[in-house]
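The values are calculated or read from the model by the stated rules, or taken from the named source; none is laboratory data. Nothing here was measured: the structure is a model prediction, and the numbers come from that model. Methodologically, a virtual Cβ is constructed for each residue, glycine included, from the backbone with ideal geometry; neighbour enumeration extends over all protein chains shown.
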Amino acid sequence: MLNLVFAPMAVVQQSFPVGSTIRVTVTFTYTAGVADAITLKAGPYYYPTVAGLQVGPLTMVDACLGSADINLPAASAPTEVTETVDFPLVPKAQGGMDDGTYGLKVWVDGTNIEAHQDDLMAVSGNPASTDVFSSILPMLMMFMMMAMIMPMMQGFGGQE
Amino acid sequence: MAMKTLELSLGLVAPVQYAPGWYWDANAGQMVYFDGPTQRFYTLQNGVFVPLAQNWHTAPKQVTVAPGDKLQVTLDFQYIGPAVTGVNAHYSINYNALIGGEAMSQNVAFNIPANLTSTPVDVTNSYTFTIPANAQSNWTDIYVVISGGTPTAIASQEYGYSNAIVLIALAPTITGFTIKDFAKV
């Protein structure tokens with residue numbers, strides 16, 4: 001027997017220039033005994049890595065979070081709604097995000113209700129670094145290490 | 001506020017002096033075995049005797065209630081035996097039938113009149129819950145246990161309906177939360 005299952009397609013990765021505002025659309029079903037309000041929050045996230053290995057949990061880019069207050073009328077029967085929430089892709093120079101690939105997370109504030117998907121946003125367009133100190137830092141460190149090691153080597157040679 | 005009702009049928013109930021052996025439970029439409037040492041009825045399922053009490057049943061209907069509503073739970077069983085006074089009926093609204101968490105409950109004492117004929121008679125009892133403001137949407141199950149009484153105690157009889165209640169909690173209950181789309185604006 002052939003079984004066909006129709007399921008919603010997962011959203012796919014898109015590319016955005018840093019500085020853009022992103023609008024996320026979410027759907028959910030709810031019931032509520034009385035009218036109430038919820039706050040939707042959304043933003044990009046990443047997993048901290050060292051040398052390509054994940055070393056930390058899902059970490060939100062705090063500078064890029066957005067929120068939206070949503071009013072929910074009383075509903076005794078399950079009611080499907082579609083809502084949106086905007087968030088900015090704040091540039092690195094303003095305390096935001098580096099170029100790279102980020103996940104997208106949306107949640108209802110104060111609850112454990114959330115949806116997220118890894119690697120949804122390819123962000124680029126941060127201006128190239130003009131920080132001279134950063135560019136020469138590796139070379140500077142190598143000179144400093146040599147300056148420490150050389151006297152030790154000479155010391156060993158003197159004992160012979 | 002609205003009054004909603006749920007009915008539970010306990011099937012054939014017997015006092016403790018019921019003779020061990022097989023009986024026809026006309027209400028459930030099946031043979032049941034009364035065990036003398038445990039004083040309980042069992043059904044034979046795939047070669048295993050399963051106490052009737054341990055069966056959760058699919059509710060014949062779902063009742064939607066909200067805080068402030070009244071939910072009347074009525075139990076019904078068929079009886080043959082002497083009069084019994086002070087039988088305890090324990091009514092409960094439960095969450096998660098598998099674990100058996102009890103959200104709220106009430107004990108009600110009632111009497112069973114004598115039926116010394118060979119034909120079972122229906123006995124009913126009921127209790128009305130008032131759904132409190134702090135009710136949660138996972139309060140979905142109802143359960144009833146009857147037991148005790150004098151001079152001849154009724155062996156414990158239990159019956160539960162899972163997913164019998166759709167409870168509309170005051171606070172929003174959200175399901176199916178998904179990202180549908182995202183785009184630059």
>> Can you say whether B:Gly176 is touching an Asp or Glu at 6+ places or on another chain (Cβ under 9 Å) and closer than 30 Å to A:Glu83 by Cβ, as far as the supplied structure shows?
In response: yes
>> Quick test for you: out of A:Gly56, A:Gly43, pick the one residue that is in a loop (DSSP other than H, G, I, E, B) and small (Gly, Ala, Ser).
In response: A:Gly56
>> Consider region A:24-44. How many of its residues are surrounded by fewer than 21 Cβ atoms within 10 Å (Cβ to Cβ) and under 23 Å from the mean Cα position of the chain (by Cα)?
In response: 4
> Which residues, counting only those in region B:107-133, are loosely packed, with under 14 Cβ neighbours inside 10 Å, under 14 Å from the mean Cα position of the chain (by Cα) and free of Cβ contacts under 8 Å to residues at least 24 places away in the same chain?
Replying inline: B:Asn107
> From the set of residues in region B:126-147 that are of a type in the set (Ser, Thr, Tyr) and out of contact with any His (no Cβ under 9 Å at 6 or more places or on another chain), which is farthest from the other protein chains (Cβ to nearest Cβ)?
Replying inline: B:Ser126
>> Consider region A:49-76. How many of its residues are within 14 Å of chain B (Cβ to nearest Cβ) and of a type in the set (A, V, I, L, M, F, W, C)?
In response: 6
> Within region B:147-169, can you find the residues that are buried (at least 16 other Cβ atoms within 10 Å of the Cβ) and touching an Asp or Glu at 6+ places or on another chain (Cβ under 8 Å)?
Replying inline: B:Gly160, B:Tyr161, B:Ser162, B:Ala164, B:Ile165
> So is A:Tyr30 more than 25 Å from B:Ser137 (Cβ to Cβ) and either in contact (Cβ under 8 Å) with a residue 24 or more places away in the chain or touching a Gly at 6+ places or on another chain (Cβ under 9 Å) (or both) or not?
Replying inline: no
>> I'm told A:Asn126 meets every condition in (1) of a type outside the set (Phe, Trp, Tyr); (2) within 12 Å of chain B (Cβ to nearest Cβ); (3) touching a residue at least 40 places away in the same chain (Cβ under 8 Å); (4) not in a strand (DSSP E or B) except one. Can you identify the failing condition by its number?
In response: (2)
>> Being part of a strand (DSSP E or B), within 8 Å of chain B (Cβ to nearest Cβ) and at pLDDT 95 or above narrows it down to one residue among A:Val85, A:Val106; which is it?
In response: A:Val106
> Pick from B:Ala89, B:Ala133: which is over 26 Å from A:Ala77 (Cβ atoms) and of a type in the set (Gly, Ala, Ser)?
Replying inline: B:Ala89
> Hey, any hits in region B:92-104 for a residue that's touching a residue at least 24 places away in the same chain (Cβ under 8 Å), in a strand (DSSP E or B), within 21 Å of B:Glu7 (Cα to Cα) and of a type in the set (Gly, Ala, Ser)?
Replying inline: yes
>> When you check B:Asn138 against the structure, is it surrounded by 14 or more Cβ atoms within 10 Å (Cβ to Cβ), touching a residue at least 12 places away in the same chain (Cβ under 8 Å) and not aliphatic (A, V, I, L, M), yes or no?
In response: yes
> For region A:35-42, does any single residue satisfy the condition of being in contact with a Gly (Cβ under 9 Å, 6 or more places away or on another chain) and farther than 16 Å from A:Leu104 by Cβ?
Replying inline: yes
>> With the requirement that a residue be among the small types (Gly, Ala, Ser) and either in contact with a His (Cβ under 8 Å, 6 or more places away or on another chain) or part of a loop (DSSP other than H, G, I, E, B) (or both), what does region B:148-185 give you?
In response: B:Gly149, B:Ala153, B:Gly160, B:Ser162, B:Ala164, B:Ala169, B:Ala171
> Looking at (1) more than 30 Å from B:Pro67 (Cβ to Cβ); (2) modelled with pLDDT under 95; (3) part of a strand (DSSP E or B), which is the only condition A:Ala37 fails?
Replying inline: (1)
